[in-house]
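See below for the structure under consideration.
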């Protein structure tokens, strides 16, 4: 899974003939062996083309630079937005949490079971409740209190902790809103989770609203945070059934279960370079 | 399933001690044998109590009146809203449709397979496209054109067809909005189906909006029509997965599948007297 | 949830008229208020009748004995197999585990989140790997090595730990087979989890077999242990999708997820007295 | 969907470097534009490689022969098992049925709704019950009685109807077993559906067995028929939930629903050239 020879090439570019041929020819000449490959085009006539190639290149550490040089003219010719990721270089990530532990625990658990491969550099929280839990996993825990008046100061402290240190921030039920300027520093690199309902409920206490409307499904949506709250590109969604026997507390409990499953899937896919963003949506090569 | 001895007793009333004892004692004395029983209370201290009892009473046709008389004082004592339904008396229903056939066909099919037990008295449509299909099932088809200017006249004609003739109206993708005055004549007896998305999309062409937002789930909601459009008590909901490979046409096709499944389940539960409404929500003893 | 007034009455008996009337009349006279009630009969004519009534009785601790005395003649008259369980009296349980932690962790987590209400008295393992994890939760951990030659001795030690101390034993991926004589001491009180596939695969390494057959679903089944291995009454089952991209390791990982979800649901239902057994099957009033 | 320019190239071959490069280079030179592409390898070191490329080639009818000639040396070099399918050339298929109509109807319906694109050349049945239904869709219906004594004669008559006329045979609950010699004539071109349970039940009336074991899931499996009954490569599987309230008739009804959904998906994928077989399993590029 984290073989030292394994790498992933991600490409988005305007679709036109010859992209696959050029890239696969280049990989072949460099000695790479394609393991998986996924492609998608929004429209063969003038749409956007997406490709994810997972390949093995023996001695990747020493030969990766040469591969990069070989890909550059192709990328330039096809106006590619591209990235080469080495599977063995674990992505450093921070988890932001508040008091609820369900999402955090699911992530820590999958991480320890090696089902989710990352370098969890730290957990940052505006409360101290989860310190013991986090430190038991051997992960640094940073408490940064956030008050309405001193939000800027808190964000500055958070930024100092994470900037340049992590590739990904996961909001594991972190109950504070990050400012647009913070979010702009991590484009498509902050994953958030929120509940979702059919129909949508606006305003306070959506679970109470969902209960009084008698919904039969409770859902959750994982998405990349953008400056528009809860409106960023969707990575994953799922639902669970509920019925009239479930009270508001039950709905919240069931909501927690679906949240932790959906967030864990979304984060894992991101870490495996399976999510490509364009416009306000995602291509997930799961 | 439609045994001549089988009946269903449905009760809603303020919850207080002794309801189950009184009703079950009465049924026992009358010679009824309980087959299924479901109960629910929104709150044991002063909430609303719901009960559905399915029972067999030999010679129901002749002994039903005596049972009704025996239940009346109990109903009065506990301020019950109640109903006694004989399984062998098929509920007459009308299906309203427009041009799309997927929901209509699913209902006709389950009806012919005896999975959905009803007396489908007629199909009413504002178009003639589905006439051949409906008549092949031996069901009367009525075409009532609906124009914006003469909507009142069309509704009057519809009303004349259905009033006193049917217990239930199913809107199987009937693309016209019924007027509040029409809907008020059939309280909790008109079932409608509509698509639903996470998040919700307001305005024209929701499938195009869902596509451009990159949703991962497409859903449908069956509900009782009320004067507030698409905001009546929810009977059933379900979703199907979609991904980036699905174009807008795919989303619509997948939407049709989930619509027909959800509508068929909701209608079947209604026909089996499994749905109780209170406030703007349902108790479904499925 | 664990209100001191809350109790559950579970009944199985030959079905005949008057059971519900007699029981509900008795509860009413004793001052109990029914919160939920579920009934099922395998056949109204001479089948088996099952009932679960959840009720509130103020001052249950002092008035419970009087209720029990009042129920006794009814139970005798209808030949009932019955049980009265107080919600506030947590069921003591032991978890048996080996080296894998996924099922154990899911149970401990739900227990700490108060989603699963029990008194986890101990974890018993034939390995020491999980000691740290268990003790971090403040739960006693007992290591009892099990060798093929000294299995009797190990079981005797296990029995000494649990007999008279626990109501329920959960085999959370405990990889040793318990002897028939051990199992007979805990009828319908040992819950086990195992993988399940469509079709079934007999013999060694079922995941490898499932992989080579190209199955599209991986499942798990939670059941009560009986003397016939993996053939006891089924409590819960579920599946997850897999496809050709999943290798044998992926299938195992996905299998672990479905195992922990299915086992946690089954154990929770058992603890809430929602599972009744008859013959080799269950009635689950979930 | 059935654009005259659209084609699909399917390839299986021993995996080695350069396959994708060679094929995509060739398609590019011939003027084809790749719309979708899926690849899979069972093992980058010496495994089997699978690829499905969907592309548009203007004037495909006249330029297809040239493309084929250009691909031939590549196919030969890499020892490819390959196929070029034109989307506009509808695959002729026969549906074999007996008395049950649920699978047949689901296929006819999707076909008429253009959700399943094929040329349904005929329905062949060993009973006459479904004649009216089939002919209402304008499809030829052939009745060939099958008796135990004259099975050979019946198969000869069936063979005369289908051989050279159809590419695919779908057994839509056809309740007779086809002989090995018949099946060998249509390798990976006969799709069958059967129920499936966790655990598996061998022998007569599996629904009664599933009921008496109290299963919580009812499933169905669509597979290619091979000489070993119900053991061919699996194309698709799914399950539905059941519980103690469902009697044997309910299980059968629910089984019919899951059968028709699973069969329709499997047939549609086959018709869209999305299923590749190797050994006794499938790669489904759904």
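The values are calculated or read from the model by the stated rules, or taken from the named source; none is laboratory data. Everything quoted here is computed from the prediction, not taken from an experiment. Glycine also receives a Cβ, built like all others from the backbone with ideal geometry; neighbour counts cover every protein chain displayed.
Considering segment C:205-228 alone, what residues qualify as being surrounded by fewer than 17 Cβ atoms within 10 Å (Cβ to Cβ) and over 29 Å from residue C:246 (Cα atoms)?
Hits for segment C:205-228 are C:227, C:228.
Any idea how many residues of segment A:188-213 are without any contact (Cβ under 8 Å) to a residue 12 or more places away in the chain and under 24 Å from the mean Cα position of the chain (by Cα)?
Final tally of qualifying residues: 1.
May I ask you to verify whether residue D:172 is within 23 Å of residue D:101 (Cβ to Cβ), assigned by TED's automatic domain parsing to the domain that holds residue D:101 and more than 21 Å from the chain's Cα centre (by Cα)?
no
Out of all the residues in segment A:57-90, which are over 28 Å from residue A:114 (Cα atoms), outside any helix (DSSP H, G or I) and within 13 Å of chain D (Cβ to nearest Cβ)?
Passing the criteria: only A:78.
Among the numbered criteria (1) loosely packed, with under 15 Cβ neighbours inside 10 Å; (2) in contact (Cβ under 8 Å) with a residue 40 or more places away in the chain; (3) out of contact with any strand residue (DSSP E or B) (no Cβ under 8 Å at 6 or more places or on another chain), which single criterion is violated by residue B:110?
(1)
Does residue C:147 count as over 23 Å from the mean Cα position of the chain (by Cα), on the phi < 0 side of the Ramachandran plot and free of Cβ contacts under 8 Å to residues at least 12 places away in the same chain?
Answer is yes for this residue.
Could you give every pair whose Cβ atoms fall below 7 Å, whose first residue belongs to segment B:57-69 and is free of Cβ contacts under 8 Å to residues at least 24 places away in the same chain, and whose second residue is surrounded by 15 or more Cβ atoms within 10 Å (Cβ to Cβ), counting only separations of at least 6 or pairs across chains?
Matching pairs, first to second residue: B:68/B:84.
Looking at (1) at pLDDT 95 or above; (2) within 13 Å of chain C (Cβ to nearest Cβ), find the lone condition where residue D:171 falls short.
With (1) at pLDDT 95 or above; (2) within 13 Å of chain C (Cβ to nearest Cβ) applied to residue D:171, the lone miss is (2).
Given the options C:36, C:40, name the one that is surrounded by 18 or more Cβ atoms within 10 Å (Cβ to Cβ), within 14 Å of chain B (Cβ to nearest Cβ) and modelled with pLDDT under 95.
The unique qualifying residue is C:40.
Just checking, how many residues over segment A:120-167 are touching a strand residue (DSSP E or B) at 6+ places or on another chain (Cβ under 7 Å), loosely packed, with under 14 Cβ neighbours inside 10 Å and within 22 Å of residue A:85 (Cα to Cα)?
Of the residues in that region, 1 qualify.
Looking at segment D:184-204 only, could you name the residues that are farther than 30 Å from residue C:194 by Cβ and surrounded by 21 or more Cβ atoms within 10 Å (Cβ to Cβ)?
Correct list: D:190, D:191.
Checking residue B:54 against (1) modelled with pLDDT of 95 or more; (2) not in a loop (DSSP other than H, G, I, E, B), which single condition isn't satisfied?
The single condition residue B:54 does not satisfy is (1).
Among the residues that make up segment A:180-190, is at least one of them touching a helix residue (DSSP H, G or I) at 6+ places or on another chain (Cβ under 6 Å), under 30 Å from residue A:243 (Cα atoms) and more than 11 Å from chain B (Cβ to nearest Cβ)?
no
Only one residue in B:105, B:10 is farther than 30 Å from residue B:129 by Cβ and not in a loop (DSSP other than H, G, I, E, B), so which one is that?
Only one candidate passes the filter, namely B:10.
Can you say whether residue D:159 is modelled with pLDDT of 95 or more, within 13 Å of chain B (Cβ to nearest Cβ) and under 29 Å from residue D:89 (Cβ atoms), as far as the supplied structure shows?
No: the conditions fail for residue D:159.
Select from segment B:115-144 the residues that are out of contact with any helix residue (DSSP H, G or I) (no Cβ under 7 Å at 6 or more places or on another chain), assigned to a loop (DSSP other than H, G, I, E, B) and free of Cβ contacts under 8 Å to residues at least 24 places away in the same chain and list them in ascending order.
B:128, B:138, B:140
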